[in-house]
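Report on one structure; see the data block that follows.
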Amino acid sequence: MASGEQVVRDFCAAVRQRDPEVLRAFFSEDVVYHNIPLDPAEGIDATMEMMNSFLGMFEDLEFEIHHLASDGSTVLTERTDHFTSNGRSAPLPVMGAFHVVDGKITAWRDYFDMGQVSTILGGG
């Protein structure tokens, strides 16, 4: 079975495919996905609804990992998430925390500046 670190690396790479079924396979049924400025999505269906919302907003999405650290089932990432809309890419610095059990992501928390997200979504 892949290590938690490898699961997270593979997940971050798979985001670029923008395929909900590929992404769904990375999560446990009881996953909790929490973009810290927002309410958490609890369970696979709520998580996929949130993911599908993001995928629908942007024509391209890439998670660029700068640093990754793991300790047991916890994997931390320092990333730049690149959102592309109308041919324009907008980078967002993100700190992510993943919990991986039996090869599946059971919890995912991302910390970022909501002001930057508003600028990206507003086209600023």
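Nothing in this text is a laboratory measurement; each read-out follows from the coordinates by a stated rule. Note that this is a predicted model, so its numbers are computed, not measured. In this analysis, Cβ positions are derived from the backbone assuming ideal geometry, glycine residues included, and neighbour counts consider all displayed protein chains.
List of remarks:
- Look at the dipole of region 4-122 built from charges on Cβ: of 55, 34, 115, the Cα furthest out on the positive end belongs to 115.
- Gaussian network model of the chain, springs between alpha carbon atoms under 10 Å - residue of 62, 21, 78 with greatest fluctuation: 21
- Selected from 46, 97, 69 as most flexible by GNM, with the chain as the system and alpha-carbon contacts under 10 Å: 69
- Ratio Rg/Rh [Cα only; Rh per Kirkwood] for the chain: 0.94
- Sorting 99, 67 by the number of Cβ atoms found within 10 Å of their own Cβ, with the fewest placed first, yields 67, 99.
- Theoretical ellipticity at 222 nm over the chain - DSSP helices of four or more residues, -39500 (n - 2.57) apiece, nearest 500: -9000 deg cm²/dmol
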